[in-house]
Each structure stands twice: as C-alpha cells, then as structure tokens.
Amino acid sequence: VVLDNGTPAGYSYASGSAVSADAVKIGGGMGKIARGGQDTPKDEWTTSGMPCFAEGALYWEQFAGVDTTITRNWEGDYTQDYASRGAWTSMMKSEKGVPFDLSLAFHTDAGITPDDSIVGTLAIYTLLCDKERKYEDGRDRILARTYAKYVQDQVVNDIRSDFEPGWSRRKLWDKSYSECRTTGVPGMILELLSHQNFADMKYGLDPSFRFTVCRAVYKGMLKTLSEFYGCRYTVQPLPVNSFSAVMAGDSVRLSWCSTEDRKEPTAVPSGYVVYTRIDDGVFDKGREVTGSSISMAVTPGHIYSFKVA
C-alpha cells in the first residue's frame with residue numbers, strides 16, 4: 001500500500017484545504033476475541049485460532065465495538081450469537097441510520113433422510129413480534145412473507161431448472177425465530193439444504209450450484225424491493241464468455257461473447273467495461289465499450305491483464 005499526498009505538476013490545493021487518509025484493511029485476519037468454556041478460568045481463555053469469517057457473529061460484533069447491551073444480553077455464547085444478529089441489524093438502522101431494506105439468515109442445517117432423498121429448501125418468516133404485526137415504520141410484517149416467498153420461489157425454480165428437477169420445496173413457515181423476528185426490517189431465514197444429507201451435498205459443494213443459488217437469492221431480493229418501491233428491476237447480466245486476447249504487433253484485440261440468461265429476460269447487457277492492469281499495478285477505472293471487441297495499444301516488455309464486466 002502506497003500513500004502519496006503529492007500533486008500533479010502545475011496543480012496546487014486551495015488555501016486552507018487538507019489531505020487526509022482513512023485506514024486500510026487487507027483481509028479479515030484471524031479471530032481476536034478470547035473466549036472460554038463455562039468452567040474455564042478467565043485467565044485461560046484463548047482465541048479460536050480460526051479466520052474471522054469462520055467465527056460467529058457475536059465475536060465479530062465484539063471486535064467491531066458493538067455495545068454490550070447487544071453482545072451481553074443473553075445467557076451463553078450460543079444464544080448470544082444468534083440472538084444478537086437481529087438486535088445488531090435493528091440498532092444499525094435505528095441508531096446509526098444505516099438504511100437496511102431486508103435481512104437474510106442463510107442456513108444449511110436441516111437433518112438427514114434415510115433413503116438418500118433430497119431435504120431441500122425451507123423459508124421462514126415471523127408475522128408477530130411482541131404481539132405486534134407492524135414494523136416501527138408502520139408497514140405490515142406480511143412483507144416478510146412476501147420476501148421469503150420470492151426468495152424461496154426463485155431458489156427452488158432455478159435449482160430445478162439448472163440442476164435437479166426433483167429438488168424439494170419445503171414449507172413457507174411463520175415461526176418466531178430471532179433472526180427473522182427482531183431485525184426491525186422484513187427478515188427471513190433461508191434453510192437452503194441440509195449439509196448433513198448426502199443427496200443435498202452432492203450439489204452443495206459444486207461452485208456452479210453455489211453461484212446459481214446466490215444469484216437466485218439476489219434475484220428474489222431484487223424482485224421484493226421492486227414490489228416494495230413500485231419500480232422496475234433489471235437483473236445483473238451474467239459474466240461474459242469466450243474471452244480472448246490476440247496480439248497484433250504493438251496492439252492486442254480483445255473479444256468476448258455475452259452470456260444469455262434464459263431465465264431472466266431483463267439480464268441483457270447494454271454495454272461493457274474493459275479494465276486493464278499493467279504488471280503488478282491495480283486495474284484502471286475501465287473503458288466503456290458498446291460492442292463485444294476492442295483493440296488496445298500495448299507496450300512491449302510489460303505484463304497486461306484484462307477483465308470485462
């Protein structure tokens with residue numbers, strides 16, 4: 001990381017102006033919160049030895065400085081972990097002004113079947129919170145059901161279309177679970193599949209399956225927000241395919257093909273952005289291209305990298 005407050009030739013900052021730099025973080029690092037079991041003396045507590053992303057929400061919240069009214073409001077780390085998630089979301093929206101629209105709890109824990117059949121996808125929402133059926137902004141909590149249904153429909157339909165026609169669609173549950181009850185916004189729990197069940201995990205570790213599922217969740221959210229706000233939606237086009245780079249003297253011709261999304265007629269690119277990196281530098285801000293090819297000058301003796309969005 002290089003920080004440079006120099007200015008281009010012939011340019012000077014206005015009188016009284018300032019140059020400032022924020023923090024830079026590279027990677028999530030390892031777990032930093034020392035914990036111990038119920039019978040472990042506090043001076044013997046240790047960190048998990050795991051990357052931060054593999055730890056529970058509770059330890060991330062602690063390290064981020066979340067108030068103890070959230071991180072120490074329940075008995076035991078297990079309950080603290082799942083119960084604090086909704087409280088964190090609600091606090092960030094009401095106290096910090098972060099304009100959350102939705103919340104999603106992504107689960108893969110649904111038991112096993114004795115006959116190698118697929119467990120499949122369950123969606124959970126909560127219609128009542130403290131006997132109240134409205135959010136603080138006055139909207140009816142039935143919105144959470146709409147959201148859960150859109151996501152579950154999209155996930156199941158896309159999996160059936162691309163991978164397994166017999167993929168099970170489980171129930172759409174109204175249950176009082178913390179992660180979809182206490183967020184202060186329309187929330188849901190997605191039980192995508194069962195990571196204990198062989199028939200589900202035949203697909204669960206496939207990168208293309210994971211891409212399809214995550215895209216389906218995104219599309220379900222997008223369609224939900226489209227209905228909430230009464231506006232049209234456009235699905236992000238799929239990544240390009242058949243990308244090639246052919247040298248011609250001191251230039252290179254880049255070409256590619258768009259990838260059709262047969263399930264989403266709105267997912268059609270209107271253009272592309274071609275990004276360039278030279279040697280170990282960073283990718284530039286990109287060049288807009290309307291067609292599916294471009295010729296670019298290159299300087300011998302350097303390594304060029306390109307990507308097309």
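Is one or more of the residues making up segment 128-138 of a type outside the set (Gly, Ala, Ser), open to solvent by less than 10 Å² (accessible area, probe 1.4 Å) and either under 26 Å from residue 85 (Cα atoms) or modelled with pLDDT of 95 or more (or both)? No, segment 128-138 has no match at all. Condition first: on the phi < 0 side of the Ramachandran plot and in contact with a Cys (Cβ under 7 Å, 6 or more places away or on another chain). Can you find one or more residues in segment 284-292 that meet it? Scanning segment 284-292, I find at least one residue that is on the phi < 0 side of the Ramachandran plot and in contact with a Cys (Cβ under 7 Å, 6 or more places away or on another chain), so the answer is yes. Restricting attention to segment 66-81, does a residue exist that is part of a helix (DSSP H, G or I), hydroxyl-bearing (Ser, Thr, Tyr), within 29 Å of residue 192 (Cβ to Cβ) and open to solvent by less than 50 Å² (accessible area, probe 1.4 Å)? Yes, segment 66-81 has at least one match. Sub-9 Å Cβ pairs linking a first residue in segment 112-130 that is under 15 Å from residue 147 (Cα atoms) to a second residue that is among the aromatic types (Phe, Trp, Tyr) and assigned to a strand (DSSP E or B), at least 6 apart or interchain, are 122/173; 123/173; 124/173; 125/173, ordered by first then second residue. Check segment 160-173 and report whether any residue there is part of a helix (DSSP H, G or I), without any contact (Cβ under 8 Å) to a residue 60 or more places away in the chain and either closer than 25 Å to residue 109 by Cα or open to solvent by 10 Å² or more (accessible area, probe 1.4 Å) (or both). Yes. Being in a loop (DSSP other than H, G, I, E, B), surrounded by 13 or more Cβ atoms within 10 Å (Cβ to Cβ) and within 28 Å of the chain's Cα centre (by Cα) is the filter here; which residues of segment 284-308 pass it? If the condition is that a residue be in a loop (DSSP other than H, G, I, E, B), surrounded by 13 or more Cβ atoms within 10 Å (Cβ to Cβ) and within 28 Å of the chain's Cα centre (by Cα), then 286 is the only one that fits. Of the listed requirements (1) open to solvent by less than 50 Å² (accessible area, probe 1.4 Å); (2) more than 29 Å from residue 197 (Cβ to Cβ); (3) at pLDDT 90 or above; (4) over 24 Å from the mean Cα position of the chain (by Cα), residue 46 misses just one: (1).
Note on segment 273-283: among residues that are touching a Lys or Arg at 6+ places or on another chain (Cβ under 9 Å) and not β-branched (Val, Ile, Thr), the one that is most open to solvent (accessible area, probe 1.4 Å) is 277.
Which one is farthest from residue 143 (Cα to Cα), of the residues in segment 229-250 that are surrounded by 14 or more Cβ atoms within 10 Å (Cβ to Cβ) and out of contact with any strand residue (DSSP E or B) (no Cβ under 6 Å at 6 or more places or on another chain)? Only one residue fits best here, namely 238.
The values are calculated or read from the model by the stated rules, or taken from the named source; none is laboratory data. Keep in mind it's a predicted model, so treat the numbers as computed, not measured. Heads up, the Cβs are rebuilt from the backbone with ideal geometry, glycines too, and the neighbour counts pull from every protein chain shown. Ligands, DNA and RNA are excluded from the accessible area calculation, which covers all protein heavy atoms including side chains. Shrake-Rupley method; radii C 1.70, N 1.55, O 1.52, S 1.80 Å.
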